[in-house]
Structures are given as structure tokens and as C-alpha cells.
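To start, the structure under review is shown below, and the notes come after it.
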Amino acid sequence: MAAAASWRQAGFQVVFVQEPHLTFHTRTAIERRLRRHGWVAYISLSPTGPSGRARGGTAILIKQELLRSGVVSVVGGLRPSALGPHRPRVRLGFLTSNPLVQELQAWLDQELAAAPADHLGALVWWPSFKRRLAERFKASFLSILARLYTAVSTLGQVPAGFTDGLITILYKAGDRADPANYRPITLLCTDYRLYAKVLALRLNPCLADVIDREQTAFVPGRRIGENVLALQCLPELLRRQGRWAVCIFCDFRKAYDTLDRGFLFRAMAALGVGEGFLALVRLLLADTRARATVNRWVSTPEASHAGVRQGCPLAPLLYLFIAQALLCLLRERNLGVDVAGQRFAALQFADDAEVLLPSVDDIPSFLSAMATFGDATGQRLNVEKTKVLPIGAVPSDLPPTAHGLQVVSEATSLGVTFASTPDPAAAATRWQEVLEGVEACYGRIASLRRLSIFGRGLASAAYGVSRLLYRAEFSGHPPTATTEALQRATSKLVGRGLAPHAQQRRFAVEAAGAAHDGSGQEVAALLQRLWRLRCDNGLKEPFWLLAHNGLPTAARLQSSCKCGAAAPGDRLHHYWACPVAAAVLSSIAAAAGGSIPRHAIWLCRAPAGIYAGVWDLVCLAAVAAMDHGRRTLYALSTGPPPEAPLSAIAGRSARAHFWSNLADFIAFDCGPLSWRDHCPTGHPFIHTHPATSKLVVHCLEAVATAPPSAA
């Protein structure tokens, strides 16, 4: 060990790596790879035999600066062990002397030992395992990531595979056989994205000082509507002044993927970005490799030497420096339109640029500037998609093309259509196009069959209604026919889960006054409390519809219940008096040890001796089971008559569905840890298992057959 002591004096830390089958040639190859990084050395601590195999082990010598950073980058596939109980261990790519590794390994061993062996059980177990892992080691992982990112910033090196990506493509528009109509998105490692996000959060507050007001993307305090309003107001202003100009809607070929990185770094430096931050950006864009995946086939990795990566949180902010360079070039070439004593060269939203010129005679100067810009940055105009839109007091004798660019009467940018002259008829047609786009979006949402009513409502607001509201912000209120069609389509999607043009018939949700025996405030507080319960929204949906009297009962469908009862098939019948509901209620009464009044289920008022949190879950599961039984009863009535009574079969199915809901809740580990303090062994429905101290379903074998008491 004298040799190890001398290496420590030279500034290295010795970590013993036990690998008796490591050949001399393998050891030499690994040593060469490690030395190439400049901060690790590699020696043997034991003599080798005639075959060139190490008999005892090997030591990796790590520089103290790396040891302080807490990261080991390359150890190959060696099996590590320590030179004593207090020496650092090499595990999971990190060098640490705290017991985190041992604790994580012990916890993983325990969890994997308890993991189910069957495939279905593994699917149920995996989500809860990930959640427990994140909760248990969240603080430790944050500390490790902080040390990793500190090491990257200090040493100027990244771990192996840190910048690798997987490219997937998204269809945009046009011919699907044309590769140019697809947008490549690079899927990056989570640790890379977190690091890039940290850099983006540090860069973003500084952008307003270096990026001009014409650029409205990704800069704090600016919004996309500023450009839209400017493009709407400028034509009217020019028209009143008796002037006209042209607006060139530029389209760049693969803007993010083709920019010159060297120019990017020089532009950032010229605009005041410090050398320290530039070094980190160069680190993320150096040695970038990616594989492409198409039709489930993955290509071999290829290096990329240009562009920023779509999918990187930092990429949009970096592109702003390229866009700023374009704006500076246009000003340098004295291009632009004078308005109110100021010259406006262009309006920009990231790579979306609208260049303003006094007339079509200035287009050659513009094209010359764009050629220079393309040579410097790699950004080339897509001439086929670049449009020239005359604005203001436009003359009537303009040619259809000007210097190779198409002259149009209207152009679309930023989701809004701009026209040379106002045209009310064309505006109505555009609203119809927006509505068709919303309906197509609704059709895709309706195809997601597992979405609950809550999910459909949120999706319709985020992906459908927002489109129309965005257009209305800049184009005024839509026609009455458009709003009525949108209301019908939204109601059909949210209430019935159907696409706008679907022909199926399903009952629509309609709010019909107070739904419970309690006051409106009590019901609102109840729904708010139940919403916080962490379970599948599909379990909550029947209870919400019951609260708003929006369930498709037999009475509202103008038919009788299939159980054969003479009473009207209203909400009270289906979710309390029907034999199918009574089967669920009798099972609950047997487990609770007494009769259950109606308000205990409909208003979630917990009986004595039952924890309120568990009872809330029981009520959700009960109403969902009754709704399942009602649907089962109707489905059985449409087929051949079974041997047993319909209500008996549907009742058994509903009762099993109730206990299955509770079992799923526990299997997915959705119960809060605090429930263990309130649900001791023997607690009805859910209790703490005496052997494992985990929450389990407490299902009594004996099920009462007497119906529940009347409300």
C-alpha cells in the first residue's frame, strides 16, 4: 500500500476495484480511455499471472478535484468495492462516502423482493413503486444532481451519453410523403433537460436587455399579441396616410436544425453574454449525437455539428440571438418602413419573421441581405413558402410574383390570417375553418376512450375552445352560428364522449338543480373534498353526475328500469331503491356493522367508528358500482334472457365492482400515509395489516342480505 500512499500525496484518491478476471489488454484499453479525460489514472495493485490476468484487483486513481465534485464519469463495467468501511464507494456513477448507496440498494432489494411475479401484477405495482422511490429519495437525488451539475460546470465535461438524443418526427401539414413536412423533435435525457432548464432560467431574465422589442417570443413581459395587433393596425395606418408597403412572411428551412453554432456563440458574445455562460452552452452543443426513430426502427447514432435541439429547454432562447442578428442586419441595410418617426424593419416571434419593406422594388435588397444572413448563420429562406403581402393603400396592378416571391392577398402567421383589404365574407369563411379545426381536435379527444368527463372537459378547453378564443381576441366575436355549433360540439364531447359528427346516441349531462339532501354549500364543500382524494377520475365521475342530476336514468330516457320495479326509474330508484343498488348497499352495511341511511352515501357522512377519509372513498366506489350495475342490467336486457334474474346477476356484478374499486385504490398505493394512524387492524373496508403494517382491503366474507333502511 506504499504505492497507494505516494499516489495520494500526488493529489489522487485510490478506489479499489475488485475484478479478478480483468485481462491486461482490457485494462490497457480502459486506462487509455480514462487518461484521455485528463483527470483519472489507472494502475494495478497486484502482480499478473502468465495469462495476463490480474489476480488481486485494480485501483482507479481519481484526482482530488473530481473527488470533491462527487462524480465518477467512467469506470467501465468493473465491480467496485471499498478499501475499508469508511472509504468511498463507486456505485451508480457517483463517488460518495455517505450511506445513500447502501440505503438505496437495501430499499431496492426489499421492493424487488415484494414485487409481483405475474405480468398483470407488475403493471399495477410499477406506478406505485416509482412514486415511492421519488418520495423516499427525493432529497438525496436533488443533492446528487446538484453535485453532478456543479462538477459539469467546474470541470467542463459531461458524463458519457449526457448529450445523446433520440429524434422522433411530428407531421406538420402538406404531402405526408415529403420529409420536409415533418418536424424533428429530439428526445433528450432527463438529467440533460434539467441542466438545460437551469441555464434557461438564468438566461431568461437577462433577455429583455439585449433582445429588441420587435421580438416577442420567450422574453419576459412580452406577448404574441403585440405582433398580431401591429400587423393589423399598420395597414389601416398606411391606408389613412395614402401609403402602401409590403410585408414579407419569411419561412426558413429547418431553422432550429441548420443554424451555425460558431455564429451563435459569436452573436451571444457580441450581445454581452459572459464567457462562463458561453462555456456551458458550448459544452451542451459539443459532441451532440442522436439516433432517429421511424416506424419503430432506430438508426445508428450520428453526430450533428449544426443547429440547436428542438426539445431542449434552452434552444428557444438561444435562437433569439440568431433572430436579433437578422434584425440588426436589416437595419444595417437600411430596410424597413417609417411609422410615426420610427423605422420598423421586422416583427419577430422566434423564427417567425415578418419583414417590412416600402415597396416591391426593395425586394432585391432584401434577398441580398437574406443571402448574406444565410451564408453566415445557415438560415436559408424557403422561397416556395415565403409570401409577399401588400398592405395599406395597395395599387391594383401588382403582379402575381415579385423577384421570385409569390404576391398574395392574404397570409397566415401566428395563427391569424392577415389580408391586404378587409373582406367580411372571407372573415366568415375563416371562422368556419377555425370551427372545423376545433371539431377535428374534438374527434381526436373523443377517440381517447379512457378519459373521464373531467379529462374531456379540460382537453376541450385546452385544445379546442382556446383556438376559438385566441382568434376572437384579434378578430372580434365569432358569428352566432359558430358559437352555437361550438357549444353543441363541446356538450357532445364532454357530456357524452362523442365526436362532433358521431351518429351514436348517448345521454347528455344536464344540470338540474340541487342533487343532494344537503344545502348547496355543503354539496360544494363535499365535491371539493372528494376532488382532493387521489384516485382515478373515472371513479369520481358518477358521483359528480349524481350531484348535478346528470345521470342517464330510465325516467329521463322515458323508459322503465330493467329490474321490473313499478316505481319510476329516476335517480332515487337507480342509486338507492333498485335491487342492483341494494346489493351494493347491503354489502356496505354488513362491512360497516349496521344500516346505512341514504344521506350517508349521497353526502358522504361517515357513520360512527369509520374514518372519514375511508368513507369518502367508500361512497365514491359505491356510486360507481351502482352505475356499473345499472349499465350491466341494461346490457343484459338487450341480449338473450339468462337463467337467473337480471337484477341478481347485475347486483352481484355491482357488488364485485365495489370491492374491486377499493382493491385498485390500495393496489396503486393511493392511500395517504396518515390513514394508517386512523385505520387500525379490524377497521371496516380498509385497515392496517398486522404483519406488514400496510393498508389492505378488509372485506368480510359474510354479506348481509337485508336491504338498507329508508332515508
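Computed values, structure above
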| read-out | value |
| --- | --- |
| Residue among ARG331, ARG380, ARG343 that alone is open to solvent by 50 Å² or more (accessible area, probe 1.4 Å), in contact with a helix residue (DSSP H, G or I) (Cβ under 8 Å, 6 or more places away or on another chain) and closer than 21 Å to ARG213 by Cα | ARG343 |
| Hits in region 382-398 - residues which are within 18 Å of PRO358 (Cα to Cα) and either touching a residue at least 12 places away in the same chain (Cβ under 8 Å) or hydrophobic (A, V, I, L, M, F, W, C) (or both) | THR386, LYS387, VAL388, LEU389, PRO390, ILE391, GLY392, ALA393, VAL394, PRO395, LEU398 |
| Complete set of residues in region 267-290 that are surrounded by fewer than 17 Cβ atoms within 10 Å (Cβ to Cβ) and on the phi < 0 side of the Ramachandran plot | ALA269, ALA270, GLY274, GLU275, GLY276, PHE277, LEU278, ALA279, ARG282, ALA286, ARG289 |
| Unmet criterion (only one of (1) more than 38 Å from the chain's Cα centre (by Cα); (2) open to solvent by less than 50 Å² (accessible area, probe 1.4 Å)) for SER595 | (2) |
| Region 138-186, residues that are open to solvent by 60 Å² or more (accessible area, probe 1.4 Å), without any contact (Cβ under 8 Å) to a residue 60 or more places away in the chain and closer than 20 Å to CYS312 by Cα | LEU170, TYR171, LYS172 |
| Residue check, ALA290 within 30 Å of ALA200 (Cα to Cα) and assigned to a strand (DSSP E or B) | yes |
| Unique residue being open to solvent by 40 Å² or more (accessible area, probe 1.4 Å) and either closer than 30 Å to CYS670 by Cβ or assigned by the TED database to the domain that holds VAL355 (or both) when the list is GLU135, GLU214 | GLU135 |
| Some residue of region 361-378 being aromatic (Phe, Trp, Tyr) and without any contact (Cβ under 8 Å) to a residue 60 or more places away in the chain | yes |
| Candidate set from region 519-545 (those that are aliphatic (A, V, I, L, M) and free of Cβ contacts under 8 Å to residues at least 24 places away in the same chain); member that is surrounded by the most Cβ atoms within 10 Å (Cβ to Cβ) | LEU527 |
| Of all residues making up region 193-247, the number that are within 30 Å of PRO395 (Cβ to Cβ) and either hydroxyl-bearing (Ser, Thr, Tyr) or under 35 Å from the mean Cα position of the chain (by Cα) (or both) | 8 |
| Residues that are surrounded by fewer than 13 Cβ atoms within 10 Å (Cβ to Cβ) and either touching a residue at least 60 places away in the same chain (Cβ under 8 Å) or outside the structural domain of LEU329 (by the TED database) (or both), drawn from region 291-300 | VAL294, VAL298 |
| Residue tally, condition among the hydrophobic types (A, V, I, L, M, F, W, C) and surrounded by fewer than 16 Cβ atoms within 10 Å (Cβ to Cβ), over region 633-662 | 3 |
| Test: residue in region 258-266 that is among the basic types (Lys, Arg) and open to solvent by less than 40 Å² (accessible area, probe 1.4 Å) | yes |
| Selection status of THR412, at pLDDT below 90 and out of contact with any Gly (no Cβ under 8 Å at 6 or more places or on another chain) | no |
| Single residue of region 676-691 satisfying the filter (open to solvent by less than 80 Å² (accessible area, probe 1.4 Å) and out of contact with any His (no Cβ under 9 Å at 6 or more places or on another chain)) that is modelled with the highest pLDDT | THR688 |
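The values are calculated or read from the model by the stated rules, or taken from the named source; none is laboratory data. These numbers were taken from a predicted model, which means no experiment stands behind them. Reconstructed Cβ throughout: ideal geometry from the backbone, glycine too, with neighbour counts over all protein chains shown. Note: accessible area is taken over every heavy atom of the protein model, side chains too, but ligands, DNA and RNA are not part of it. Shrake-Rupley method; radii C 1.70, N 1.55, O 1.52, S 1.80 Å.
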